[in-house]
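What follows is a set of notes on a single structure, which appears directly below.
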Amino acid sequence: MQEKQSSVTGTLNKRHSCFHLPSSPVSITMRKKALMLEGQPQFFTLLIVLLKETMDFPLTSSHPTLNRQKTAKSARYSFSSYNSKYLTVPQNRASSHSSSINGAFEAPSCTESFSSSIINNYLDGTQGGAVDKASPGGMHFRDSKRKVDYVLAYHYRKRLARHPPGVSSPQPTHRSAASALVSNGGTEKGHADPQQQDGGQHVLQEQPGPPGVEVIELGPLDALEEEKRLQREEYERNLLEAGLEIEKDPENKSQGLSFVRIHAPWQVLSREAELLKIKMPTKKMYEITEEEGILKTLNEIWCKLTEPLQPQVPQQGKTNMKSLSYPFSREKIYLYNIKDKDTFFDNATRSRIVREILKRTSTKARNSMGIGTLIANNVYEAAYPLHDGEYEGQNNDMNERKLLYQEWARYGAFYKFQPIDLIRKYFGEKIGLYFAWLGLYTEFLIPSSVVGIIVFLYGCITIESDIPSKEMCDQRNAFTMCPLCDKFCDYWNLSSACATARASHLFDNPATVFFSIFMALWATMFLEQWKRLQMRLNYFWDLTGLEEEEEHPRPEYETKLLQKKLKNKSMATGNANEAEKEKLTWSDRIPGYAANFGLILFMIMLTFSAVFGVIVYRITTAAALSFSTNETTRSNVRVTVTATAVIINLVVILILDEIYGAIAKWLTEIEVPKTEKTFEERLILKAFLLKFVNSYAPIFYVAFFKGRFVGRPGHYVYVFDGYRMEECAPGGCLMELCIQLSIIMLGKQLIQNNLFEIGIPKLKKLFRKLKDERTEPKEMDTNQSKDPQQWDLDYTLEPFTGLTPEYMEMIIQFGFVTLFVASFPLAPLFALLNNIIEVRLDAKKFVTEVRRPDTVRAKDIGIWYNILSGIGKLSVIINAFVIAVTSDFIPRLMYQYAYSQNGTMHGFINHTLSYFNVSHLKAGTQPENSPFAQDVLFCRFKDYREPPWSQNQYEFSKQYWAVLSARLAFVILFQNLVMFLSVLVDWMIPDIPKDISEQIKKEKSVLVDFFLKEEHEKLKLIESFIARDKQKHKSGTKGERIRAASFCQFNRSQKGSFTSFSSQHTEV
C-alpha cells in the first residue's frame, strides 16, 4: 500500500514539477491536509489526487516577473501626473531579450524554472522567420495550440525618435517591439522599457525628474497617445490577472493597426461557466417521447414530403434522444460528458465568457468601467469574437460558418428551411430566436396570402355583376355632377369615372369584411403559435430554467454617477443621503425626460406638417392642372396628383425614418438608462413610436380624414384663398387608400429593406478601407504575414449594431399587413415575397458582412412581443372603421335592406347623390365659359342631404343619420365579435405544447434520479473502501497483538531470570 501511495504521489509531483501551488489560504490548507493524510490508507491519497485533477486549481508561477510587474505598476502611478506631459527615457539600459526569444514559439520544458524568464507570446519584428509562422486558418495563437477566443483592435501612433542637438530634423526610425505581454505573466524586465517603443517630435529641456533619466516634453497628441497606451497596458495586465492569456502584435510602424488576441484557458472557462450558471450536457441521455397515433403518421408524411427542403446540416446524435443538461459546477465535474476540454465549451460560449470578463475588468485611468468605456474613449477601436474561418474558398475544410453560408445564407437556398439549431449554436439564442420568429412569420404569411388572392379574384369575378358599377358606367343615367373646383372646372358626367368605380370594386366588396375578420384571427393565432414555438425552443435549447442575469451598468451611467458623487463631495454636504449617491434619481433625469417629451412632440408635429404639406401640394397641383388647355391633362388630373403625391410621401417617409432613428438613439442616451436591457427597451419604444407615426400618418389621413371636411356646393371649406379641401373620388377613398398603402409598403420594402441593407454596408466598408489606407503610411510591416489572418478579415467587416433595425422593419410590415388589410388584400402576398428575400438577405449579412456578434442568452423576443400584440388589437379597431367609414359596405347594406323597393342594389347611385341648385353658387365660383351653363339647373354631389326644394334644404337627411348609426353599430359589433373570437382562440390554444410540458416534467424527474444514482454510487464506493480498510486494519491489529504477546513473554522471562539472580545473591 505504501508503494502504491508513493507511486501516485510521485506521479503527481512529476506532473506538476515545474509549477508551484498558489500560496493562498486554500492551497496552504490543502497542503496541511495532504501532510496529515500522508500516513492514511490509499483511498484518501487517491481522493486527493482526483480532487486536484477535477478541480483544476489555477497554477500560478512564483517567478519574480509578477513582482516586477507590480513594482513597475506602482512606480508608474507614482509618476502619473508627471508622465501626463513628460516622458522619461532611461539612459544606458542594457538589453537582454535575446536570451528569451525562443520562448516565443516553444513551450517551456519542465526542467526550466520560472526564474528563467520565459515569455510565451513575445513577437519580435526582427525575427522575420519566426513571425511568418502564422497559425493555420488564423484561429489560434502563434503556437497553433491555443484558440483565439476574442480580439481587441486599436490604432497606435508613435512619436519620432530622439535626435542629437546638432541634427536639424529628426528622422523616423523603426524599432522592433521591445515589450510583450506574457501569457499569465507580466512585462519581461530583460527587455527595453515599453515607453521606448514610441518615438515622437519633442524638444529636450531641463526638467526635474527621476535621477538617471532624460525628460522629453510631449505635445498634446503625443500625451493623449501616451495616456491611451498606458490605459491599454494596465487593462491588459488586469486581464492577465483575471486568468486570461494574451498575444499581442508588435508595433513596427510609426502608426497603424494592432491586435490583441485573447485566449481563455480551462481554469477560467470552468470558473466563469459556474458563475454564469451555464447549462452544459451531462453524461445522462434520455429518450424524448414521440407523438402517437394519427399525429405521428401525419408527422412522418410531412417529413417525407419536406425532405428536399431540409438543409443538409449534420444532426447531433439521434433526434429522439436528448442530453440532460445542468448548470456547470466544478464540484460535480464528473457528471459532465467532457471528452476534450478544448472543445467542451463551443466557440460561442467561450467568447461569451471572455466578453463577461472584458466588461467587468476596469482600469484606474478615467475610472474606466470595462471594455465599453475604453472603446468609447477610443483606447481600443473594436472588440469582437472571430468567425469560424472563411465562408467560401478553395480549401475543403468545412466549418460552421461555411456550412451556414452554403445551406442558409445564399439566395439559391431560398426554398430550404432554416437550420435554426445551427444558427443558435453559432450566433447565440437571441439571434436564433429572431430568425425562428421571422421564419414562423413568413410561414404564416402563406395561408393569409392565399386567402388574400382568393378575395382579390372574387372581386375580379364579380365586377361584371356589380350593379352600382354598372349604373355609374351607364351613360344613359346622365348624372350631371357639380364642378370639382371654382371658376375653371366645368360640370361633368358621372360616367366619366367608370374606371375608378370598377377598380374600387376589386377591394370594396363583401369578401373584404370576411378577410378582415380572418386577418384579426390570423394575428392572434400567429402570436399563440409563436409562444408555443418559443417554449419548444426553450426546452431544446436548455433555457427553461434561465434566470435573469445581473447586468453590468452602462459606462455612461457610471460616468454620470461618478460626476454626481464628485459634485456632492465638492459641495461638502455632511448630511447627504448615502442611498442617493449610489444611484441616479428622478431629479437627475428631469432634463433628459423634458428633452424627450419636447423633442418627440416636435417630431410628431413635424410628421403631421409633412403630411399637411403633401395635402397642400395635391390641392394646388390639382388646381394648376385644371387650368391646362390640354384635354388629356385635365382628364387625368386625379391620377397624376395621386401618383406624384404618394411618391413624395414615400421619399419623405424614408428620409424621416433615418433621422428619427438617430434622434431616438440620442434621446435614449440623454436619459442615461442603467443597463443595456433598459436602454434597448426605451430605444425600441421611441423609435417605434416615431416610425409608426411617420409611416402611417399619410395612410390614416386618406382613410379617415380625406373628404370628411369638404363641405357642400355653395358652402365649401377652403384651405387658402380660392383653394378648396380635396375630396374623394366618385368611387370613394378606398381605392386611393389602396394605392397609397401599396406604394408606401412596396417602396419601403424595396428601397429601405433591401437596397439600403445591401448598399449601405458595402459603402461603409469601402469608406473604412479608404480611410485606413489614407491614414496608415506606406511602410513595410515585418509582422504582417503573406495571407491575412482571420482577425484582419473580421476587422474589415461591419460592426454588429443589434437586432433593433431588423425587428423594426418587420414590425412595420406587420402593421401594413394587419392594420389596413381591408383596403389591400394583396398586402400579405407582397409581404411574403419580400420576406423570402429578407430571410436570405439578413442571413447573408450576418454570415458574410458583419462581425460575429456576441452570444446573448434570451428566453423570448422581449418587448417586441408586446408591440406585436398591441398592433394585433389595434388592427381590429382600424379595420372596423375602414369597413364602416371608408368603404361603401354599410351604405350598400342599408340601401338593400332598408330603402330598396325590390331588395336589390338598383338605384343605389341615385340614392347616394344629393341635389344642388346651381343658382345658389356663390358669385365668382360659377364655371367660366361653360357650354352647359344654360342647360344645367341642378347638379349632383355625393352626400346624404335634403334637396333644395325641401324646407330644410342642404341639411343632413334622415338617411345620413341612419347610415351613421349603422356604421357605429357595425364598429361596435365587429370589434366585440373579433375580440371575443381572438380570446377564444387564445384560450383554446395552450401556450405550452402538451408534449413539451410532459418532457419538462420528465426531465426534472430524470435529473433527480440521475443525481440520486450518482450519490448512491459514490456512497457505495466509499463504503467499499472503508470496509476494505477496516478488513486490512483488523488483520494489521491481529499481527500487532501477536507481536505484543511475544514481547510481553520475553519481558516476563527476562524478569524471571533477574528475580532468580537476585534471590541467589541474597542467599549468598
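Table for the structure above
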{"quantity": "Unmet criterion (only one of (1) in a helix (DSSP H, G or I); (2) open to solvent by less than 60 Å² (accessible area, probe 1.4 Å); (3) more than 30 Å from Asn834 (Cα to Cα); (4) touching a residue at least 24 places away in the same chain (Cβ under 8 Å)) for Leu404", "calculated": "(3)"}
{"quantity": "Any hit, the range 558-575, residues being among the small types (Gly, Ala, Ser), surrounded by 16 or more Cβ atoms within 10 Å (Cβ to Cβ) and either modelled with pLDDT of 85 or more or more than 29 Å from the chain's Cα centre (by Cα) (or both)", "calculated": "no"}
{"quantity": "Residues (out of contact with any Phe, Trp or Tyr (no Cβ under 7 Å at 6 or more places or on another chain) and either within 23 Å of Gln926 (Cβ to Cβ) or hydroxyl-bearing (Ser, Thr, Tyr) (or both)) located in the range 939-988", "calculated": "Lys942, Asp943, Trp949, Ser950, Gln953, Tyr954, Ser965, Ser982"}
{"quantity": "Yes/no for Leu374 being over 30 Å from Leu404 (Cβ atoms), modelled with pLDDT under 85 and either open to solvent by 80 Å² or more (accessible area, probe 1.4 Å) or assigned to a helix (DSSP H, G or I) (or both)", "calculated": "no"}
{"quantity": "Search result, residues across the range 475-485 that are open to solvent by 30 Å² or more (accessible area, probe 1.4 Å) and modelled with pLDDT of 80 or more", "calculated": "Thr480, Leu484"}
{"quantity": "Residues within the range 494-533 that are acidic (Asp, Glu) and either in a helix (DSSP H, G or I) or open to solvent by 20 Å² or more (accessible area, probe 1.4 Å) (or both), tallied", "calculated": "1"}
{"quantity": "Counted residues, the range 343-371 - those being of a type in the set (Lys, Arg) and either open to solvent by less than 20 Å² (accessible area, probe 1.4 Å) or under 20 Å from the mean Cα position of the chain (by Cα) (or both)", "calculated": "4"}
{"quantity": "Residues satisfying the stated conditions in the range 439-471, i.e. assigned to a helix (DSSP H, G or I) and among the polar types (S, T, N, Q)", "calculated": "Thr442, Ser448, Ser449, Ser469"}
{"quantity": "Members of the range 250-304 found to be open to solvent by 90 Å² or more (accessible area, probe 1.4 Å) and more than 26 Å from Phe1010 (Cα to Cα), listed by number", "calculated": "Glu292, Ile294, Leu295, Leu298, Glu300, Trp302, Lys304"}
{"quantity": "Residues (among the hydrophobic types (A, V, I, L, M, F, W, C) and open to solvent by 50 Å² or more (accessible area, probe 1.4 Å)) located in the range 328-337", "calculated": "none"}
{"quantity": "Tally, over the range 897-918, of residues that are out of contact with any Phe, Trp or Tyr (no Cβ under 6 Å at 6 or more places or on another chain), in a helix (DSSP H, G or I) and in contact (Cβ under 8 Å) with a residue 12 or more places away in the chain", "calculated": "6"}
{"quantity": "Among the candidates Leu755, Leu763, residue that is surrounded by fewer than 14 Cβ atoms within 10 Å (Cβ to Cβ), within 26 Å of the chain's Cα centre (by Cα) and closer than 25 Å to Phe692 by Cα", "calculated": "Leu755"}
{"quantity": "Residue in the range 970-981 that is among the aromatic types (Phe, Trp, Tyr) and either open to solvent by less than 90 Å² (accessible area, probe 1.4 Å) or not in a helix (DSSP H, G or I) (or both) present", "calculated": "yes"}
{"quantity": "Evaluation of Phe756 against (1) aromatic (Phe, Trp, Tyr); (2) at pLDDT 90 or above; (3) over 30 Å from Cys485 (Cα atoms) (one fails), failing number", "calculated": "(2)"}
{"quantity": "Residue count, the range 635-655 (criterion: closer than 16 Å to Thr607 by Cα and open to solvent by less than 70 Å² (accessible area, probe 1.4 Å))", "calculated": "8"}
{"quantity": "Top-ranked residue in the range 584-612 [being without any contact (Cβ under 8 Å) to a residue 12 or more places away in the chain and open to solvent by less than 50 Å² (accessible area, probe 1.4 Å); ranked as farthest from Lys706 (Cα to Cα)]", "calculated": "Thr585"}
{"quantity": "Among the candidates Lys859, Lys873, residue that is in a helix (DSSP H, G or I) and surrounded by fewer than 20 Cβ atoms within 10 Å (Cβ to Cβ)", "calculated": "Lys873"}
{"quantity": "Residue in the range 709-722 that is farthest from Ala822 (Cα to Cα), counting only those that are among the β-branched types (Val, Ile, Thr) and assigned to a loop (DSSP other than H, G, I, E, B)", "calculated": "Val717"}
{"quantity": "Test: residue in the range 426-437 that is open to solvent by 30 Å² or more (accessible area, probe 1.4 Å), closer than 30 Å to Leu537 by Cα, outside any helix (DSSP H, G or I) and in contact with a helix residue (DSSP H, G or I) (Cβ under 9 Å, 6 or more places away or on another chain)", "calculated": "no"}
{"quantity": "Set Thr925, Thr855, Thr886: member being among the β-branched types (Val, Ile, Thr) and closer than 23 Å to Ala703 by Cα", "calculated": "Thr886"}
{"quantity": "Residue satisfying all of: in the range 782-814; open to solvent by 40 Å² or more (accessible area, probe 1.4 Å) and modelled with pLDDT under 75; farthest from Leu438 (Cα to Cα) among these", "calculated": "Thr782"}
{"quantity": "Unique match (being within 30 Å of the chain's Cα centre (by Cα), closer than 21 Å to Phe141 by Cβ and not hydroxyl-bearing (Ser, Thr, Tyr)) among Glu241, Glu236", "calculated": "Glu236"}
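Conditions (1) of a type outside the set (Ser, Thr, Tyr); (2) part of a helix (DSSP H, G or I); (3) buried (at least 21 other Cβ atoms within 10 Å of the Cβ), marked per residue:
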{"position": "Ile663", "(1), (2), (3)": "yes, yes, no"}
{"position": "Glu669", "(1), (2), (3)": "yes, yes, no"}
{"position": "Phe679", "(1), (2), (3)": "yes, yes, no"}
{"position": "Phe692", "(1), (2), (3)": "yes, yes, no"}
{"position": "Tyr696", "(1), (2), (3)": "no, yes, yes"}
{"position": "Ile699", "(1), (2), (3)": "yes, yes, yes"}
{"position": "Val702", "(1), (2), (3)": "yes, yes, yes"}
{"position": "Gly707", "(1), (2), (3)": "yes, no, no"}
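The values are calculated or read from the model by the stated rules, or taken from the named source; none is laboratory data. This one's a predicted model, so the numbers in the text were calculated from it and none came from an experiment. Here the Cβ is made from the backbone with ideal geometry for all residues, glycine too, and neighbour counts use every protein chain on show. With ligands, DNA and RNA removed, areas are computed over all heavy atoms of the protein, side chains included. Shrake-Rupley method; radii C 1.70, N 1.55, O 1.52, S 1.80 Å.
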